[in-house]
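The values are calculated or read from the model by the stated rules, or taken from the named source; none is laboratory data. Given the structure is predicted, the values throughout are model-derived calculations rather than measurements. In this analysis, Cβ positions are derived from the backbone assuming ideal geometry, glycine residues included, and neighbour counts consider all displayed protein chains.
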Amino acid sequence: MSPPGEESCIPTDEALERPSTRDRILDVALELFVQSGFDGTSLRVIAERLGITKAALYYYFASKDDMLMALHMRVHEFGREAITSMGDEPVTLEAWSELVRGVMDQMMAQRKLFLLHERNQAAIEKLHRQQHMEAHEDLESNFRKILSDSRVPLHDRVRMAGAFGVVFACLFLSGDAFASVANEELRALVHDAVEAILKR
């Protein structure tokens, strides 16, 4: 039996391009959590916006808290694959520049996630779980491993850390500060700042 909201037939190419029901639920929840706040958004409102029942929501998420945690975990995916794929060879500034640009593009496409964090900090703080802590520590461990590689000149490693910091400061820690700036303009400005740091 197919989950609520999912088609049981063999998917067409068009269907494969559509987001899953779970992702659509999260996208709508993200929109509402940013707009009305986590506490000000009910499961009923999320279900109504999606045109499904609350029972269908419960098939995918046991609670509104689970939705918030799933959205929060999306942040941990930024850069994870790129950083873990770096391997054991020394990282060059050129390779790091490419990695940072890739992370920046991912983050630019998901700017609402950062507004979610800024506007719902108290709710997110209550949701720190073992799963979250392990994911956080794993990413930080890989990041530190790269920056601790003594085969890479110290001044290069400091620049690498600074470039990554610029992206996260401008797109994550800034919250609403740049919310009114268009994606392309902000991306260009952040890119210039990153390149200025990595430039030899």
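Taking LEU154 and the conditions (1) at pLDDT 90 or above; (2) loosely packed, with under 14 Cβ neighbours inside 10 Å; (3) farther than 23 Å from THR92 by Cα; (4) aliphatic (A, V, I, L, M), which numbered condition does it fall short on, given that it satisfies the others? Only one criterion is unmet by LEU154, namely (3). Taking the criterion of being modelled with pLDDT of 95 or more, surrounded by 15 or more Cβ atoms within 10 Å (Cβ to Cβ) and within 12 Å of LEU116 (Cβ to Cβ), would at least one residue in region 40-51 satisfy it? Yes, there is a match, as at least one residue in region 40-51 is modelled with pLDDT of 95 or more, surrounded by 15 or more Cβ atoms within 10 Å (Cβ to Cβ) and within 12 Å of LEU116 (Cβ to Cβ).
Selection of region 182-200 for residues being of a type outside the set (D, E, K, R) and either surrounded by 15 or more Cβ atoms within 10 Å (Cβ to Cβ) or touching a Cys at 6+ places or on another chain (Cβ under 9 Å) (or both) yields LEU186, LEU189, VAL190, HIS191, ALA193, VAL194, ILE197, LEU198.
Considering the conditions (1) surrounded by fewer than 16 Cβ atoms within 10 Å (Cβ to Cβ); (2) modelled with pLDDT under 90; (3) part of a helix (DSSP H, G or I), LEU115 is excluded by exactly one of them, (1). Can you name every residue in region 93-128 that is free of Cβ contacts under 8 Å to residues at least 12 places away in the same chain and under 15 Å from LEU173 (Cβ atoms)? Answer for region 93-128, where residues must be free of Cβ contacts under 8 Å to residues at least 12 places away in the same chain and under 15 Å from LEU173 (Cβ atoms): just GLN121.
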